[in-house]
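To keep things clear, I will list the structure first and then write my remarks on it.
The values are calculated or read from the model by the stated rules, or taken from the named source; none is laboratory data. Model, not experiment: these values are computed from the prediction. Cβ coordinates were reconstructed from backbone atoms using ideal geometry, including for glycine residues, and neighbour counts include every protein chain displayed. Ligands, DNA and RNA are excluded from the accessible area calculation, which covers all protein heavy atoms including side chains. Shrake-Rupley method; radii C 1.70, N 1.55, O 1.52, S 1.80 Å.
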Amino acid sequence: MADPHASGDYQRGTQEISEQVSTFHLVMMLTKWGSLGTVAVVLFTTLILATGNFFTAFVSAVALAVLGVVLLREKKKAH
């Protein structure tokens, strides 16, 4: 049986983490865009129920979505 306290196999900081980094970035991207979509749908639904005016609700939700895309998109990195 292997010695559970043996430290010869593991070297801190030497493990490849590129897949974990990619997964983290994917989760952050999906959270960001999913949140924007959820907020736009909630705004649309709320305005439909509160005002009964489809056009006002639709324009407001689209305006929020466009503003969100502009503010949340990835910035180009300077070289």
Open item on the list: Can you show me the helix-derived [θ] at 222 nm for the chain, built from DSSP H runs with n ≥ 4 at -39,500 (n - 2.57) apiece and divided by the number of residues, rounded to the nearest 500.
Closed with: -24000 deg cm²/dmol
Task: C-alpha long axis of helix 54-72 to longest principal axis of the chain, angle in ° - done: 30
Task: Hull-based mean projected area of the chain, where the convex hull spans the alpha carbons, in square nanometres - done: 10.4
Task: Normalised alpha carbon radius of gyration of region 12-51 [divisor 2.2 N^0.38 Å] - done: 2.00
Task: Rounded to the nearest 20 debye, dipole of the chain from Cβ charges on Lys, Arg, Asp, Glu - done: 540
Task: Acute angle (nearest 10 degrees) that the helix 18-51 long axis makes with the longest principal axis of the chain, alpha-carbon atoms - done: 20
Task: Farthest toward positive dipole pole in the chain [+1 Lys/Arg, -1 Asp/Glu at C-beta], among Thr14, Thr31, Ala50 - done: Ala50
Task: Per residue accessible area in Å² of the chain, where ligands, DNA and RNA are left out and the probe is 1.4 Å - done: 90
